[in-house]
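So the structure is just underneath, and the comments pick up after that.
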Amino acid sequence: MAAPKVAVVGAGVIGLSTALCIAETFPSCSVTVLSDQFSPNTTSDVAAGMLIPHTYPGTPIHVQKQWFKETFTHLFAISNSAVASEAGIHLVSGWQVFKSTPKEELPFWSDVVLGFRPMSEAELQKFPKHRFGQAFTTLKCDCPPYLLWLEKRLKAIGVQMHTRKVADLWELHGEYNVVVNCTGIGAHQLVGDEKLFPIRGQVLKVHAPWVKNFIRDGDGLTYIYPGIHRVTLGGTREKERWSLSPDPGTTKDIFDRCCSLEPSLREAQEIQVKVGLRPSRQCVRLQREVLSQGEVKLLVVHNYGHGAGGFSVHRGTAKEAARLVGECIAALKNSSLRAKL
Ligand code: FAD
């Protein structure tokens, strides 16, 4: 058969990293990214991009840990290379603080991040309302630069990118042999997934270059994540709320919560407000599906529903999606061989 044609729908961190893994793993394939929006207009652009995993209740922990480890190892290598700054990847150290000792003192990812340890009494003095804490070093993606860097790498290896809204995956039948669905919250409408719902997040991006360490309240709601140019202050988790308009009351609340953790933020400047919808599900939908219309088949691989942790696991899930695309290509080759016999 001719070189298989693969369409990846979606150009957030999941679509771009999946397209890259497919193109790297199967260089003879022709890969195209189709998306109604590209950076800077995706949910992935709004994210803080910290590598601290979110837990998916419906996915086995060893699988989530594997995805995180693969992502961490991949980005750690980038952070140690000359392209780190262009790719927006850097190491950041800091603290996760708790008002009382958590049930689980050692999260599943504690041996993947670097130097995970309980905070010392001296460190805890910085947080008088908190009684327990964990110190570690992790990675952070500055999201828009990272997405642009992924796009640049895709173009360099010949991947096509087109702006296109896909109303039905069947539109792509005939044009492509395999369709990879990386549409994030868009999958709610595109494939009618009722298990997928938005968790609205509002964040502030501020200029506060003196803030060098991350601070995260253990409940995950209040956080201060310094990036290369801006500090992300968060946040909110509003289940089933679809509005993308910033809420001024929420902006003030986030700012006050972050200032209570790091009072010097009162001097922060150039406050920008961003809103994104986390594509949430009990588990990431990472699976093959064969759609049928009578005798006609469409091979699909789904990779969406990464909720609050898409950056933390994107490389791991992209590799798995590429493996599933490999299974589709093998099935296509077998069926074209059978047709010839
Ligand atoms: P998206 O970025 O939404 O991309 C989906 C793409 O599909 C878009 O390009 C869209 O235009 C396209 N699309 C959708 N429907 C169609 C269609 N019908 N036709 C064509 N194209 C379509 N994660 C972390 O790991 N660490 C963090 O610190 C972190 N912080 C966050 C903070 C906030 C406030 C928010 C909102 C999220 C945060 N996340 C974080 C989560 C992370 O942002 C998401 O898990 C991730 O961005 C999901 O990526 P995605 O590519 O699936 O979705």
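The values are calculated or read from the model by the stated rules, or taken from the named source; none is laboratory data. Just so it is clear, the structure is predicted and the values come from calculations on it, not from any experiment. Cβ placement follows ideal geometry from the backbone for every residue including glycine, while neighbour counts extend to all protein chains displayed. Only protein heavy atoms, including side chains, enter the accessible area calculation; ligands, DNA and RNA are left aside. Shrake-Rupley method; radii C 1.70, N 1.55, O 1.52, S 1.80 Å.
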Note to self: Let me spell it out: the conditions are (1) away from the ligand (no atom under 16 Å from the Cβ); (2) not in a helix (DSSP H, G or I), and Ala23 meets all of them except one. Which number is the exception?
What the structure shows: (2)
Margin query: I'd like the full set of residues that are open to solvent by 50 Å² or more (accessible area, probe 1.4 Å) and either out of contact with any Asp or Glu (no Cβ under 6 Å at 6 or more places or on another chain) or farther than 22 Å from Lys140 by Cβ (or both), limited to segment 192-218.
Written below: Glu194, Lys195, Pro209, Trp210, Lys212, Asn213
Item checked: All positions within segment 287-341 that are among the basic types (Lys, Arg) and modelled with pLDDT under 95 -> Lys297, Lys333, Arg338, Lys340
Notebook entry, point to check: Looking only at segment 30-52, which residues are surrounded by fewer than 23 Cβ atoms within 10 Å (Cβ to Cβ) and either of a type in the set (D, E, K, R) or closer than 17 Å to Glu320 by Cα (or both)?
Noted result: Asp36, Asp45
Note to self: Residues that are open to solvent by 70 Å² or more (accessible area, probe 1.4 Å) and out of contact with any Phe, Trp or Tyr (no Cβ under 8 Å at 6 or more places or on another chain): list the strands (runs of 3 or more DSSP E) wholly contained in segment 92-189 that include at least 2 such residues.
What the structure shows: 160-163
Next item on the list: Quickly run through segment 221-252 and pick out the residues that are within 10 Å of the ligand (Cβ to nearest atom) and among the small types (Gly, Ala, Ser).
Entry: Gly234, Gly235
Note to self: When you scan segment 174-186, do you find a residue that is in contact (Cβ under 8 Å) with a residue 24 or more places away in the chain, within 11 Å of the ligand (Cβ to nearest atom) and of a type in the set (Gly, Ala, Ser), even just one?
What the structure shows: yes
